[in-house]
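Here is the structure we will look at, set down as structure tokens.
The values are calculated or read from the model by the stated rules, or taken from the named source; none is laboratory data. Here the structure is a predicted model, which means the values were calculated and not measured. In this analysis, Cβ positions are derived from the backbone assuming ideal geometry, glycine residues included, and neighbour counts consider all displayed protein chains. Ligands, DNA and RNA are stripped out before the accessible areas are found, and what is left, the full protein with its side chains, is counted by its heavy atoms. Shrake-Rupley method; radii C 1.70, N 1.55, O 1.52, S 1.80 Å.
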Amino acid sequence: MKKVIKNGTIVTATDTYQADLLIDNGVINQIGKHLPLDDAEIIDAKGCYVFPGGIDPHTHLEMPFGGTVTKDDFETGTIAAAFGGTTSVIDFCLTNKGETLKSAIETWHAKSKHKAVIDYGFHLQIVEMNDDVLHELPKVIEQEGITSFKVFMAYKNVLQADDETLFRTLISAKELGALVMVHAENGDVIDYLVKKALKQGNTDPIFHALTRPSEVEGEATGRAAILTGLANSQLYVVHVSCADAARKIAEARNNGIDIWGETCPQYLVLDQSYLEKPNFEGAKFVWSPPLREKWNQDVLWNALKTGQLQTVGSDQCSFDFNGQKDLGKGNFSKIPNGGPIIEDRVSILFSEGVKKGRITLNQFVDLISTRAAKLFGLYPRKGTIAVGVDADIVIFDPTVVRTISVETHHMAVDYNPFEGIKVTGEPISVLSRGEFVIRDKKFVGQLGAGQYLKRGKYGASDHSGTTNLV
Ligand code: URP
Ligand code: ZN
Ligand code: ZN
Ligand code: ZN
């Protein structure tokens, strides 16, 4: 059935205006006033913003990590995402040395296919570059539509790749039309610092932060940027947490290197002191890179405002406090790294960003949706409101004031790192390809309704308009 969303204020990355939307067959069919209402369901969005569904470019759903598996899978994770105003996620498909890429990708399809309630795609981890991997990469792009490769510069002896792998990945990505993503921390130096801390009996969660100082993030970010320039390639730095790394990205951009930076809500509103909470509660805030001294937040906000950082991902990687985080009691290095963020990403950016005057409303839409669509080959099918594009839409009440809490969130974990934080604004209804997933704050979606997204090549669908149009 056709739908008309009436009386709302449409917000895109560039414009804010009053208009109604006609949705037919899952796509936006008309935008304007006085649209034909015959045989259409009318949805009243009076007083609300109507913006493109969020795209979360950084999630780890059902990921084995730190001796356990993340609590939220493609079912609970995508339901929570939808409640939070996100209609697409791009999850990291992990690979193992010696395993074919095809087999790793099949594993991720099996996790997601019958569960996801919103659309989803995959980035592919490159842990080692060799002839077999090189041979498979073109098929990964052409057949799977996976056009972004992730290299970890940290987590020694687990996920970490060496510089040769990073450099060869950058060269291949340039040839094939893919974007390389890095987790930028110097894993070798961290490994040394962790061992030293433990030897000295420093086992509490705060030592997670103290053994990963911002210099190791800055150094790895700068190194990756230089290798990107040398390979004449393209790079996206995930989860930028601090001034040291943000400055390296800004410097490289000034030097003409094709480099992009993502930060996450946790780095914008929480700080290192959270890791010092008593009774091991600091473990709730253990992820990498770690939370930083508070002054870094102003630098990150400013980088978002001025365009030195371009996206906000969640880095959703959730573990229960009881039963998972406590694997690291008595040894901080065994605390599974990651936090539950997917549901609150959009609201925190709106409340802390737009409402507090740090970014504009249009920048907010760019940061939570449009820019990720452009960088990851989904634009304009996703990431904007225009005739002919997927009707992935959030109806957002910008006036509701509420308090974030584990009591009301929809993630599968037993705590929320933003517990007690007051936010203004809330998604009321969320549509994926024209169908309600959330309606009047209730889940009405269907398991398995989310479609796998084959994505376009890097740079192929920027502003030109029609590349991915249906
Ligand atoms: O601590 C984190 N961020 N866990 C998820 C894996 C990663 O590094 O992104
Ligand atoms: Zn990471
Ligand atoms: Zn991550
Ligand atoms: Zn452009």
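Things to note:
- Against the chain, whose longest principal axis is taken from its Cα atoms, helix 131-142 shows a tilt of about 10°.
- Legend: residue pairs K97/K156; K422/K442; K2/K382; K374/K454; K150/K356, Cα-Cα distance threshold 24 Å; pairs beyond threshold, K150/K356.
- Note on surface exposure: K113, K139 rank K113, K139 by accessible area, highest first, 1.4 Å probe.
- Available extension along the chain between T306 and V401 is 31.4 nm, counting 0.36 nm per residue and deducting the alpha carbon span.
- Crossing angle, helix 163-176 versus the chain [Cα axis fit, 0-90 degrees, rounded to tens]: 30 degrees
- On full extension, the segment bounded by N255 and K196 gains 17.5 nm, given 0.36 nm per residue less the C-alpha separation.
- The Rg/Rh ratio of the stretch 20-61, with both radii computed over alpha carbons and Rh defined as the Kirkwood radius, is 1.10.
- The chain - convex hull of the alpha-carbon atoms, volume per residue in Å³: 125 Å³
- Helix-derived mean residue ellipticity, 222 nm - over the chain, DSSP H n ≥ 4, -39500 (n - 2.57), to 500: -7500 deg cm²/dmol
- Accessible area of the chain belonging to carbon and sulfur atoms, whole % at 1.4 Å probe: 48 percent
- Separation between Cα centres of the stretch 198-270 and the stretch 80-97, rounded to whole Å: 22 Å
- Cα→Cβ-extended label distance, 7 Å offset, between E419 and E435, nm: 3.6 nm
- Helix 296-306 axis versus longest C-alpha principal axis of the chain: approximately 40°, rounded to the nearest ten.
- Projected label distance in nm at K113 and E99, using a 7 Å step from Cα toward the beta-carbon: 1.6 nm
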